[in-house]
1. Would you please list the contacts, defined by Cβ atoms under 6 Å and residues six or more apart or on different chains, that run from a residue in the stretch 340-361 that is within 15 Å of Gly123 (Cβ to Cβ) to a residue that is open to solvent by 10 Å² or more (accessible area, probe 1.4 Å) and of a type in the set (S, T, N, Q)?
2. Evaluate the following for Val107: is it closer than 30 Å to Leu143 by Cα and either in contact with a Gly (Cβ under 8 Å, 6 or more places away or on another chain) or modelled with pLDDT of 80 or more (or both)?
3. Considering only residues that are of a type in the set (A, V, I, L, M) and surrounded by fewer than 21 Cβ atoms within 10 Å (Cβ to Cβ), which ones fall in the stretch 253-262?
4. I'd like to check something: does the stretch 338-347 contain any residue that is farther than 29 Å from Gly112 by Cβ and small (Gly, Ala, Ser)?
5. (1) modelled with pLDDT under 80; (2) under 16 Å from Gly279 (Cβ atoms): which one isn't true of Leu15, the others all being true?
6. List pairs: first in the stretch 196-213 and assigned to a helix (DSSP H, G or I) and charged (D, E, K, R), second open to solvent by 30 Å² or more (accessible area, probe 1.4 Å) and at pLDDT 75 or above, Cβ under 7 Å, 6+ apart or cross-chain?
7. Could you list all residues from the stretch 300-321 that are more than 19 Å from the chain's Cα centre (by Cα) and closer than 17 Å to Ala373 by Cβ?
8. Please list, ordered by first then second residue, the pairs with beta carbon atoms under 7 Å, 6 or more apart or interchain, first in the stretch 264-279 and touching a residue at least 12 places away in the same chain (Cβ under 8 Å), second open to solvent by less than 10 Å² (accessible area, probe 1.4 Å) and not in a helix (DSSP H, G or I).
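The values are calculated or read from the model by the stated rules, or taken from the named source; none is laboratory data. All figures in this text were calculated on a predicted structure; none of them were measured in a lab. Reconstructed Cβ throughout: ideal geometry from the backbone, glycine too, with neighbour counts over all protein chains shown. The area values use the complete protein model at the heavy-atom level, side chains included, leaving out ligands, DNA and RNA. Shrake-Rupley method; radii C 1.70, N 1.55, O 1.52, S 1.80 Å.
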Amino acid sequence: MTAQALALLELGAILFALGVCGRIAGRFGMSPIPLYLLGGLAFGRGGFFELEAAVEFGHLAAEIGVVLLLLLLGLEYTAPELMTGLRRSWAAGVLDLVANALPGAAVALILGWGVLGAVVLGGVTYISSSGIVAKVLDDLGRLGNRETPVVLSILVLEDLAMAVYLPILTMMLAGLSLLSGLVSLAIALATISVVLVVALRFGRVVSAVLDSADREVFLLQLLGSALLVAGAASALNVSAAVGAFLLGIAISGSTAHEAAKLLAPLRDLFAAIFFVAFGLSIDPAAVPPVFGWAVLLAVITTCTKIAVGWWAASRQEIRRMGRARAGAALVARGEFSIVIAGLAVAYGKADVRLAALASAYVLLMAILGPIAARIVEPVVEFTRGRPGLATG
């Protein structure tokens, strides 16, 4: 059998298996991300059967998946919404950062992974999965709830924090000197500032340039511009993912709405390959030694996310049920956490156990997040009926 035929067979098997995983996840009302990661673990290094021929395509498809994930996330926000969310919820954003990054950083230091490991794992435990959160809110019919703007504001602040964090992480992973690192960081921040200004003041121009009545032309221009911006951002030591996110923010109005509809199937396809590709890079034998730490982090950061959402909603004078829903909605981790761990793996600077811990942690949180969002209402109703626990 030729190498090309083998690659096609393996790729076809992977895509079909992803479809089956998605169907199974849908039956149980859960995110398919854990199944994608488990599939990658099962058929990667040290798994039941290694799929080597399709790995090269998987790496490139995974990069495109990250770009599309963040591009469509950016399309959900307008530049004014971004600034409004920043003004209203900055205090909750600071609490969110401190409460959720510190546990991951502390565990990395305890395990002897140094400052770099602490920065990586702190980022993994900090950021919620915007994709999973948005899907859960939509599935549960909560997009119009009063607490939902609070949740979205915190997600926006997390994404903005990533715009600063990822260039710093890339600088550290690349091993740049202090001077080179500062120059690189300055260029990255200047690039982000310029793109934000363009998004705020010239979003209509960007939308007009990309818009087209011809779906084929529209798709080619959208995907081409996303990859160009991502590539340029990466060349300037800004994460390609952040570049795509900022481009999404710059696209507004009906153009953004049509772009989201057109790109959603592509996003789902390549994002699924991205999660599988990450799983393929992890040796399953490395997971059991760190699984206990993953469980510990899952318990701690579930509590901290719920506390952040509760406090942020209380500042908006939202009732107890809404506060609980806001907290539970933020629990899930997913794409960005994997992006961070994937960067560390790609640069070869991460302890193999760190990547395994990140994978196990995201598996747990991607399962716990949707479950927490679904059971929070009956749990609150139950506590209301118990003496001494009802607060109105």
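1. If the second residue must be open to solvent by 10 Å² or more (accessible area, probe 1.4 Å) and of a type in the set (S, T, N, Q), the pairs left are Val345/Ser281.
2. No: the conditions fail for Val107.
3. Ala260, Leu262
4. No, the stretch 338-347 has no match at all.
5. With respect to (1) modelled with pLDDT under 80; (2) under 16 Å from Gly279 (Cβ atoms), Leu15 is out only on (1).
6. Listed by first residue and then by second, the contacts come to Arg204/Ser252.
7. Scanning the stretch 300-321 gives Cys303, Ala307, Trp310, Ala312, Ala313, Ile318, Arg320, Met321.
8. Gly279/Gly44
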